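Quick note: the coordinates plus some simple rules give every number you see, no bench work behind them. Values in this document were obtained by computation on a predicted structure and should not be read as measured data. Here Cβ is always computed from backbone atoms with ideal geometry, including for glycine, and neighbour counts include all displayed protein chains.
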Amino acid sequence: MAKLLIGLALGSILGGAITFFTFVGVPRSSQTPGTPILPPDPGSSTGSAQIVLNQDLFNQVLNTIFSQISEPSFPLTINDSRSSQPVFEQASFQEAQACESTIRILAEGSGVRSSLRLENERISAPLAFTGSYNSAFGCLRFTGWAQANLELRFDKAQQAVFGRVNVETVNLDGVNPIFGGLITPLVQSTINNRVNPIPIIHPGQLVVDMPIASTGGKLQAVVEDVRAEVKESALNLYITYSFSGSPAL
């Protein structure tokens, strides 16, 4: 199996990591395009391009965002998949505001460091957070962390790879169980609805349309299939192409 590190795809996937951690994106829908990406078939001899991205790369992106930009913050919502732009606020400024229904992702908190983990054949992301909820019972302030996973999906029609974040559990620090029942679904629904779907490889990024100067024609290729596996703290993407040629006119 040919191993090829495609710079353009690398930049696109790196952009996807930034999208995930800063919750920046395009208008959202409740559905993530494409079908789930499966592991490669054992013993497959099909030629494909291989993109290898290690865990440290993604976490360097995340650390830079927290240390040099700001902590992402966005409104709490439930069952709302509408478009949203991120809100970046310095902590000192945010704390001075009246009670607002918002959640802010922290670099570290509640004994957890926000990060991306490539292990046990899955992509997981513990996310530390703090926030407040303007409820009928008054201002409820909370801290905690969420355990999320990232599912990869390939949309052949768009020639694109999307990610879908799924929050599995929400762990709150010392919140009364009655109020926890209000806050937990808000945190889970907000992260899921505000982030998804994540464009990881944008439409057309992997399509080949290359002029062959010596012949006057050009080589073309489209992606037929994408497979993925997590191995040794790295994400391996296997891109299978269908090639065609256009002779000179």
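For segment 142-159, backbone phi angles converted through the Karplus equation (6.51, -1.76, 1.60; θ = phi - 60°) give residue-by-residue couplings of 8, 9, x, 8, 10, 9, 10, 10, 10, 9, 9, 9, 10, 10, 5, 4, 8, 6 Hz, Gly and Pro being listed as x. Amide H to amide H distances under 5 Å link Ser48 with Ala2, where only residues 5 or more positions off or on other chains count and H is placed in the peptide plane. With a ≥ b ≥ c the root eigenvalues of the C-alpha gyration tensor of segment 152-239, is it rounded (a/c under 1.5), prolate (a/b larger than b/c) or oblate? It comes out prolate by the Cα gyration axes. In the calculated pair-distance distribution of segment 149-203, the portion above 18 angstrom amounts to 46 percent of the Cα-Cα pairs. With the charge dipole of segment 187-237 set up from +1 on Lys and Arg Cβ and -1 on Asp and Glu Cβ about the Cα centre, the Cα lying farthest toward the positive end among the listed residues Ser214, Asn192, Val230 is that of Asn192.
In order along segment 49-54, phi translates into HN-Hα couplings of 8, 10, 10, 10, 10, 8 Hz, rounded to whole numbers, per the Karplus curve 6.51 cos²θ - 1.76 cosθ + 1.60 with θ = phi - 60° and x for Gly and Pro.
Amide H contacts of Ile123: Leu150, each under 5 Å away and 5 or more positions distant or on a separate chain (H built 1.01 Å from N in the peptide plane; Pro and chain starts excluded). Here the contact order of segment 174-249, divided by its residue count and restricted to Cα pairs under 8 Å and six or more residues apart, works out to 23 percent. The phi-based Karplus calculation (6.51 cos²θ - 1.76 cosθ + 1.60; θ = phi - 60°) puts the 3J(HN,Hα) values of segment 163-170 at x, 10, 7, 10, 7, 8, 9, 10 Hz, whole numbers, x for Gly and Pro.
Peptides 167-176, 194-203, ordered by how many other C-beta atoms sit within 10 Å of their residues on average, highest first, read 194-203, 167-176.
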